[in-house]
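Note sheet for the following structure.
The values are calculated or read from the model by the stated rules, or taken from the named source; none is laboratory data. Because the structure is a prediction, the values reported are computed rather than measured. Using ideal geometry, Cβ is built from the backbone for each residue, glycine included, and neighbour counts are taken over all protein chains shown.
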């Protein structure tokens with residue numbers, strides 16, 4: 001496991017770095033520098049090249065992001081201080097990153113690794129609706145549904161919204177109980193399926209640091225072979241709560257993921273700025289979050305999804321920039337506008353899986369229905385993204401070919417603002433048997449045939 005980059009210094013800089021107010025950071029430091037590097041490196045979004053084949057653009061986005069981060073750093077909202085690093089420190093941390101880890105345990109262990117652009121190795125597939133609300137009675141069946149998918153290398157569980165009929169509230173003792181229940185039930189589901197050592201990442205029921213700490217237990221909880229996420233505050237910010245989580249995860253010894261999502265339409269601006277900040281977050285993840293891997297989800301501020309034309313481009317170019325210029329492990333986290341048992345959500349899943357995989361990312365899939373519907377997700381959407389990813393890696397598909405296919409898939413979308421909500425888990429699955437309904441299987445196979453006609457050679 002990669003040694004943490006001088007955690008003592010990170011925490012010291014959160015207390016002793018240059019002081020400024022948050023609004024000053026946003027408007028006088030971040031935004032002007034972002035606009036400057038976009039102009040300097042002439043970064044432009046071309047809707048004809050959703051998956052860009054020009055290597056120089058990915059390199060320019062990387063250079064722009066590094067210039068941005070070296071000057072701007074990470075802002076700690078709790079101390080009103082900027083955490084800054086110099087280029088030699090970032091290079092040192094990069095050189096110490098091995099580019100691969102064995103995660104999970106026993107027969108269920110899997111290698112998570114850095115991928116290259118147009119890599120012929122299959123992406124690591126992390127399945128699950130992390131953070132999406134889940135009914136108490138459906139938690140175990142939903143966990144089983146995701147874990148039992150053979151394509152799943154790792155899983156995340158949804159967030160319990162209640163316990164014993166009582167709403168779980170952040171910062172209360174109920175949240176701690178929820179965290180413990182979450183991880184014990186997830187591990188129970190893994191044993192029931194016969195995959196007791198599968199890589200589990202995140203305890204989404206427990207946003208607070210205290211509740212996260214309560215779930216760390218080698219006997220019944222989140223183990224050292226599991227992963228935990230440290231999020232960020234848009235854009236390029238952290239607070240004491242996030243730093244406490246990071247400190248605990250480092251000292252506990254588990255794997256750490258940085259969970260970051262630049263907002264298109266916010267301080268990041270358009271797709272160009274969103275992409276630059278998306279890459280800059282990888283430096284923050286490495287240095288501040290002490291992360292072993294990164295889950296990146298550029299997000300549309302209004303539509304709250306990332307399967308639009310502009311954000312598929314962002315996903316692709318960020319993944320390429322990291323794949324070409326670093327040893328880091330990056331995941332593209334997909335968020336679809338449509339809901340389960342609709343053809344649109346399967347097209348969105350395919351477009352995201354295609355764009356991310358050919359660009360050098362691993363897959364973390366899939367949020368659905370703009371992540372607004374309790375129980376409104378199933379493994380079928382995630383499976384589609386991963387099947388597409390596996391297939392194009394095996395095909396050795398080039399970015400130019402993938403670009404033509406993804407443009408054809410986009411033509412099959414409904415308007416994002418008119419995306420169908422779809423159905424809930426219990427309407428798409430036989431809950432007692434934890435099997436998808438005939439209706440959804442037939443729809444899934446229909447969309448697969450359409451994608452095959454576009455040029456994707458599925459393995460089965």
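Table for the structure above
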quantity	calculated
Matching residues, region 438-460, being surrounded by 16 or more Cβ atoms within 10 Å (Cβ to Cβ), without any contact (Cβ under 8 Å) to a residue 40 or more places away in the chain and outside any helix (DSSP H, G or I)	none
Residue check for residue 131: loosely packed, with under 14 Cβ neighbours inside 10 Å and over 30 Å from residue 71 (Cα atoms)	no
Residue among 43, 29, 38, 90 that alone is over 20 Å from the mean Cα position of the chain (by Cα), in a loop (DSSP other than H, G, I, E, B) and over 30 Å from residue 376 (Cβ atoms)	43
Condition met for residue 317 (under 22 Å from residue 46 (Cβ atoms), modelled with pLDDT of 95 or more and touching a helix residue (DSSP H, G or I) at 6+ places or on another chain (Cβ under 9 Å))	yes
Residue 151, sole failed condition from (1) touching a strand residue (DSSP E or B) at 6+ places or on another chain (Cβ under 9 Å); (2) farther than 28 Å from residue 52 by Cα; (3) modelled with pLDDT of 95 or more	(2)
Contacts under 8 angstrom Cβ, first residue in region 114-129 being on the phi > 0 side of the Ramachandran plot and part of a strand (DSSP E or B), partner at pLDDT below 95 and surrounded by fewer than 20 Cβ atoms within 10 Å (Cβ to Cβ), 6 or more apart	none
Unique match (being in contact with a strand residue (DSSP E or B) (Cβ under 7 Å, 6 or more places away or on another chain) and buried (at least 21 other Cβ atoms within 10 Å of the Cβ)) among 376, 367	367
Condition met for residue 88 (under 18 Å from residue 9 (Cα atoms) and surrounded by fewer than 21 Cβ atoms within 10 Å (Cβ to Cβ))	yes
Test: residue in region 1-8 that is more than 26 Å from the chain's Cα centre (by Cα) and surrounded by fewer than 17 Cβ atoms within 10 Å (Cβ to Cβ)	yes
Qualifying residues in region 9-45 (those that are without any contact (Cβ under 8 Å) to a residue 24 or more places away in the chain and under 30 Å from residue 405 (Cα atoms)) - the one surrounded by the fewest Cβ atoms within 10 Å (Cβ to Cβ)	42
Of all residues in region 112-128 being in contact with a strand residue (DSSP E or B) (Cβ under 6 Å, 6 or more places away or on another chain) and crowded, with 20+ Cβ neighbours inside 10 Å, the one that is farthest from residue 380 (Cα to Cα)	112
Filtered residues of region 212-240 (kept if in contact with a helix residue (DSSP H, G or I) (Cβ under 9 Å, 6 or more places away or on another chain), touching a residue at least 40 places away in the same chain (Cβ under 8 Å) and over 30 Å from residue 111 (Cβ atoms))	233, 235, 236, 237, 240
Subset of region 407-431 [surrounded by fewer than 19 Cβ atoms within 10 Å (Cβ to Cβ), modelled with pLDDT of 95 or more and in contact with a helix residue (DSSP H, G or I) (Cβ under 8 Å, 6 or more places away or on another chain)]	408, 410, 412, 420, 421, 426, 431
Any hit, region 148-155, residues being buried (at least 22 other Cβ atoms within 10 Å of the Cβ), touching a residue at least 12 places away in the same chain (Cβ under 8 Å) and in a strand (DSSP E or B)	yes
Evaluation of residue 170 against (1) under 19 Å from residue 257 (Cβ atoms); (2) in a loop (DSSP other than H, G, I, E, B) (one fails), failing number	(1)
